[in-house]
1. Name the residues whose placed amide hydrogens come within less than 5 Å of the amide hydrogen of residue 240, ignoring near sequence neighbours (fewer than 5 apart) on the same chain.
2. Within the range 83-181, which GluC sites (Glu not before Pro) sit in a loop by DSSP and count at most 14 neighbouring Cβ atoms inside 10 Å?
3. About the Cα centre of the range 4-145, what is the dipole size in debye to 20, counting +1 per Lys and Arg Cβ and -1 per Asp and Glu Cβ, all else neutral?
4. I need the Debye-formula profile for the range 60-118: one equal scatterer per C-alpha, no solvent, reported as log10 I(q)/I(0) at q = 0.17, 0.27, 0.30 1/Å, two decimals.
5. Please list, ordered by chain and number, the residues whose modelled amide H lies under 5 Å from the amide H of residue 207; skip anything fewer than 5 residues away on the same chain.
6. Return the loop-located GluC sites (Glu not before Pro) in the range 23-62 (DSSP other than H, G, I, E, B) with at most 13 other Cβ atoms within 10 Å of their own Cβ; answer none if there are none.
7. Rg/Rh for the range 4-145: what does it come to with C-alpha atoms and Rh from Kirkwood?
8. Can you list the trypsin sites (Lys or Arg not before Pro) in the range 38-67 that are in a DSSP coil and have 16 or fewer other beta carbons within 10 angstrom?
Amino acid sequence: MGKVRAFTISFANTSGIFYPGQPVQGEVLVQVKDEVKIREIRLEFGGFAHVHWSESHGSGKHRRTVHYSSREEYFKVVVPCLSPPHGEEKMMLKPGEYRYPFQFQIPPSSPSSFEGGIGRVRYYVKGTMDKPWAFDVEDVRYFSVLNLLDLNPIPEAKQGQEGQDSKTLCCLCCASGPISGKHNIPVSGYVPGEAIQINAELINHSNRNCEIWMELVQNCEHGCAKTTARTVGKGDSDYWRGEQITVPPLPSTGLHGCNIIDIMYLWVLVCDPAGPAINLRVNIPIIIGGIPLVSAAQLYGNVNPMNTGTSAFPSPFQVFPENVPQPVYASFSTGNHLQNPGQADNSVAPSGDNQQDDTFTPQYPYYNWNTYDTNFKPTSF
């Protein structure tokens, strides 16, 4: 940076996790080793959603690719930290160290941070030292915003569900017996860290072996968790009891406050017959929240926080009920590179239009009711 030794943004809340309506506080640290001419030092606070995908139409020489995109901006505020005296356009910054504190309040309706395959909701603070006739000096820090979904006021979250389906396998002109699957859940609402109990049955009357497994699916696009496959022989049945999948750190259903991204989750029994055939998928929609059902929390008692992760709650906002154990915060990525909260990324403009910007993963509440496998790799299908 030449004459500028350091230009960095830091948060007072080192976790980099905030809630709608909460102030974001921090400072800009500037270290100058030689006198430097500047126009100003400014900060930009921003929050946005951006989606982009492409579809191919036609075939042969008539084949074409159509790109679709949309953007939603929640706020964009520019605040000067240091400006020239009135009537002046430039000023000299003498050698030394300077600290410029800042505070910005997140709008109450801001949606949760999200990073997906074709879209994202992202929040940032960008600092700029504007230098005339020279490259500007910049620093960008991203942070997580959590707009938590409370499961308790949602009647459907407390209700159980059952799904069932069947299919017949055909090979040329011969049809075998049907494959039938069904499964159920006692409640429909869960939080990250909570276990979904497996209660499934598959009856295989076909003449092929089948592999079955359970999946938690986000938006029907990304696999979030998956059990080990089990084999059901031809003519056999399998009654699956006593196992479970722990919900990983995920954003809440619906992504409240965002109008261009909608998140839903499915609890799916999958049957994959041997040979050429389309899988049998038995779907049950479930709700992922940020504040658990009180009845679920009571089953686990007073649970202590995990030893790992960020356990400090972003004071002073106590959004969790007193009778619910405090969560920790953890990341779960569907393909993006994991980065520490608040870590800088100077290579990317925060406009959201740069699709190479895959260097930030938000964090979500995680309740230590079961051990989360940090080595789990998400699947896509």
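1. 200, 201, 202
2. Passing both the DSSP loop test and the Cβ count: 88, 89.
3. 460
4. The computed values of log10 I(q)/I(0) come out as -0.90, -1.32, -1.39.
5. 177
6. 35
7. With Rg and the Kirkwood Rh in hand, the quotient comes to 1.13.
8. For trypsin sites (Lys or Arg not before Pro) across the range 38-67 that sit outside H, G, I, E and B with at most 16 neighbouring Cβ atoms in 10 Å, the list reads 63.
Since every read-out is calculated from the coordinates, none of them should be taken as a lab result. What you see is a predicted model, and the numbers here were worked out from it, not measured in a lab. Don't worry about glycine lacking a Cβ; one is built from the backbone with ideal geometry, like all the others, and counts go over all protein chains shown.
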